[in-house]
Amino acid sequence: MRFVGTPIDFIVFKGLYEGNPEKILFIEVKSGRSSTLTPRERKVKELVESGKVEWLTIHLSSEMEKIINELGT
């Protein structure tokens, strides 16, 4: 379980510790009287539930090389 804080509280990688990841959970914790999601939290929930989630890998050295080349230094 990893704390994110905003716009959601936690991301859980179920099974990762055992070396067999099987599910990723987005968790919002509500304390107090209201269990209502904020508009931002609700939008994130809708995006996840509709499958609008992607994986992106960024290779920092390649990206830095592009920037350096663009700057001409």
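Here, each number is a calculation from the coordinates, and none is a lab measurement. If you're wondering where the values come from, they're calculated on a predicted model, not measured in any experiment. Reconstructed Cβ throughout: ideal geometry from the backbone, glycine too, with neighbour counts over all protein chains shown.
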What does the charge count near Thr36 come to, summing +1 for each Lys or Arg and -1 for each Asp or Glu among other residues with Cβ under 13 Å from its Cβ?
-> +3
Calculate how steeply helix 60-71 sits against the longest principal axis of the alpha-carbon atoms of the chain, using the helix alpha-carbon long axis, and give the answer as 0 to 90 degrees to the nearest 10.
-> 50
Can you give me the relative contact order of the chain as a percent, contacts being Cα pairs under 8 Å and 6 or more apart?
-> 19
Straight-line reach check, Lys52, cutoff 27 Å on alpha carbons, 8 or more apart in-chain or any other chain, hits among lysines -> Lys14, Lys23, Lys30, Lys43
Pair-distance profile P(r), taking every C-alpha pair of the chain, with 5 angstrom steps and integer % | 3, 12, 15, 18, 14, 11, 11, 8, 5, 2, 1, 0
Which residue, chosen from Phe26, Met64, Gly15, occupies the Cα position most advanced towards the positive end of the dipole of the chain, where the dipole is computed from +1 (Lys, Arg) and -1 (Asp, Glu) charges on Cβ about the Cα centre?
-> Phe26
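Which loop GluC sites (Glu not before Pro) in the chain, with loop taken from DSSP, have no more than 15 other Cβ atoms within 10 angstrom of their Cβ?
On the way: sites: Glu18, Glu22, Glu28, Glu41, Glu46, Glu49, Glu54, Glu63, Glu65, Glu70; in loops: Glu18, Glu22, Glu28, Glu54.
Listed in order of number, the matching sites are Glu18, Glu22, Glu54.
Mind listing which trypsin sites (Lys or Arg not before Pro) in the chain are in a DSSP loop and have 16 or fewer other Cβ atoms within 10 Å? Working shown, then result.
Values: sites: Arg2, Lys14, Lys23, Lys30, Arg33, Arg40, Arg42, Lys43, Lys45, Lys52, Lys66; in loops: Lys30, Arg33, Lys52.
Here the sparse-neighbourhood loop sites are Lys30, Arg33, Lys52.
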Here the residues of the stretch 39-73 lying in the modelled label zone of Glu28, meaning backbone nitrogen under 20 Å from a point 7 Å along Cα-to-Cβ, are 39-54
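Given the -39500 (n - 2.57) contribution per DSSP H run of 4+ residues, what per-residue ellipticity at 222 nm results for the chain, rounded to the nearest 500 deg cm²/dmol?
On the way: 2 runs with 23 residues, N = 73.
So the calculated ellipticity at 222 nm is -9500 deg cm²/dmol.
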For the chain, which longest stretch is free of loop sites, where a loop site is one of the chymotrypsin sites (Phe, Trp or Tyr not before Pro) that DSSP puts outside H, G, I, E and B and that has at most 14 other Cβ atoms within 10 Å?
-> 18-54
